[in-house]
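The values are calculated or read from the model by the stated rules, or taken from the named source; none is laboratory data. As the structure is a prediction and not an experimental result, all values here were calculated from the model. FYI the Cβ positions are ideal-geometry reconstructions off the backbone, even for glycines, and counts take in every protein chain you see. When the accessible area is computed, the model is the full protein with side chains, heavy atoms only, and any ligands, DNA or RNA have been set aside. Shrake-Rupley method; radii C 1.70, N 1.55, O 1.52, S 1.80 Å.
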2 protein chains.
Amino acid sequence: MDKPGPGARVRLQQAAVELFRERGYDGTTAAEIAARAGVTERTFFRHFPDKREVLFDGQAVLVDALTASIVDAPAELGPLDTLFRAFRSVTTLLEDNRPFSKPRQEVISATPALHERELSKLEALSEALALALQGRGVPALPAALAARTGMASFAHATLAWLEDGEPGLSHHLELAERTLRSMFRGRPSPVPTLDVVVGTTEFPSGGQE
Amino acid sequence: MDKPGPGARVRLQQAAVELFRERGYDGTTAAEIAARAGVTERTFFRHFPDKREVLFDGQAVLVDALTASIVDAPAELGPLDTLFRAFRSVTTLLEDNRPFSKPRQEVISATPALHERELSKLEALSEALALALQGRGVPALPAALAARTGMASFAHATLAWLEDGEPGLSHHLELAERTLRSMFRGRPSPVPTLDVVVGTTEFPSGGQE
DNA sequence: AGGCCGATGTCAGTCACTGACAAGGAGAGG
DNA sequence: CCTCTCCTTGTCAGTGACTGACATCGGCCT
């Protein structure tokens, strides 16, 4: 009904954000998004594996930029320093995209299903970072922990920046980094030799991670 | 077809794990789970808001135990010490539940949709911990970062323990804690005064958080 | 022209999930 | 013992996400 190939995907993404903002995620059907983009529902699902995914696409660019920065970081930097250096290296990239990210994030934050998907993406990002760190010789465990810890700061900073707006991403990021590091400066607490404390009731279907 | 009230929920959970292990999550319909539990599909959805949720139920117990431990932790403990003390306090609880948790985790790990839901639960747990820390006077930002960081260690330890089996959860947890703390003992790296590094291409639909 | 290919439309079908309404059983009160 | 009520479940009909199979159309290569 409209243009040909490459345009459809982008039109679908735009239409999706618009509609989600107008009627909410649940109040919007995939068919409606497709219609506004000038294609059929089937075409929607050819471009995106599911309705949520239409909002998550730029991730690849971020991953590439971050891993690139990690790869060519000075060899003497520790994992955390490497990570935060990488985060700093993408602040301008993210700041340029604020016009797109802001409305998108509003929709995501307002929709549990989308928030869930976002967590998935963040975890994937964490794993990619952990992999990149391992490429620098960092053992698996510290790499994984550093990646998650770093991502927590980065994600928190980005979130805060998208809401507050002004202080700038770099500022929020720096704040998060300082806060994180200061948390580990307390009494190292000799890790008391395992004193079990609880020993409670049963619990049915299990529940942990 | 079967028993009355309280039993149905549990039967549904058991039937779900069994079937997921036999035919996989995607190869199992909600109706089939219900049938094996001796109820109708509608009843399934009366007990669980969606098909995934049937595997996530014990979380509440964990949250309660952890927050309880945080609440009555010695006032002089810092956020991280408080958290790891809490984690240690629930190890026996988790270890007792291994017979249930193990198969459940296998299913979850094998199913993207379930893994996604699990991340959601873990985030909820993180937020609960952050809240509990704030109750101790810890400011919001450090509370949030500590909670995420701690959860990363806890989750990682639990995962490793469920796979390896033997070393014991406490052991894995202690290892994670040591690793985490040692990561922050490197050169504090004076946080170089913001040197932007990249400034790359555009990117369409945004992608951050 | 002939033929290949990628993007799209069409159709039919499965399954997750929901609202509305009726039925059955257990306990409280008469 | 009867009845009213509450709680749990069954039944039915419907929406919407997602999929597989097949036909079509517009380039592009030869």
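Data table
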item: Counting all C-alpha pairs of the stretch A:59-183, share separated by more than 19 Å (%); result: 47
item: Contour excess over end-to-end distance, with Cα ends at B:GLU53 and B:VAL71 and 0.36 nm allotted per residue; result: 3.6 nm
item: Share of carbon and sulfur in the accessible heavy-atom surface of chain A [1.4 Å probe, %]; result: 57
item: D (Stokes-Einstein, µm²/s), Kirkwood Cα radius, the stretch B:1-106, 0.890 mPa s at 25 °C; result: 156
item: Accessible area buried between chains A and B, both sides summed, probe 1.4 Å, in Å² to nearest 100; result: 7100
item: Heavy-atom accessible area per residue - the stretch B:59-183, 1.4 Å, Å²; result: 35
item: Neighbouring partner chain Cβ atoms per residue of A:141-151, average, 10 Å criterion; result: 6
item: Dipole-positive endmost among B:PRO142, B:LEU93, B:LEU175 within the stretch B:59-183 (Cβ charges, Cα centre); result: B:PRO142
item: Packing rank of A:10-17, B:69-76, B:107-114, where each peptide gets the mean count of other beta carbons within 10 Å, highest leading; result: A:10-17, B:107-114, B:69-76
item: FRET efficiency for B:ASP96 and B:ARG36, using Cβ-Cβ distance with R0 set to 22 Å, rounded to 0.05; result: 0.25
item: The stretch A:5-54: equivalent-ellipsoid semi-axes (sqrt of 5 x gyration tensor eigenvalues, Cα, Å); result: 16, 11, 9
item: 10 Å Cβ neighbours from other chains, averaged over peptide B:119-125; result: 5
item: Taking the C-alpha atoms of the protein assembly as shown, convex hull volume expressed per residue in Å³; result: 159
item: Mean-position separation - Cα centroids, the stretch A:134-184 and the stretch B:104-137, in angstrom; result: 19
item: Solvent exposure of the stretch B:5-55 as accessible area per residue, Å², 1.4 Å probe; result: 49
item: For chain A, the fraction of alpha-carbon pairs in successive 10 Å shells from zero, as %; result: 7, 26, 28, 23, 12, 3, 1
item: Shielding by other protein chains, B:106-115, mean Cβ within 10 Å; result: 1
item: Count of lysine pairs in the protein assembly as shown with Cα separation under 30 Å (8 or more residues apart, or interchain); result: 16
item: Cβ-derived FRET efficiency at R0 35 Å, A:THR29 paired with A:GLU106, nearest 0.05; result: 0.95
item: Residues in the stretch B:66-94 occluded by at least 30 Å² - accessible area, probe radius 1.4 Å, against chain by itself; result: B:LEU80, B:ASP81, B:ARG88, B:SER89, B:THR92, B:LEU93
item: Whole-angstrom gap from the stretch A:42-65 to the stretch B:42-91, using each part's C-alpha centre; result: 33
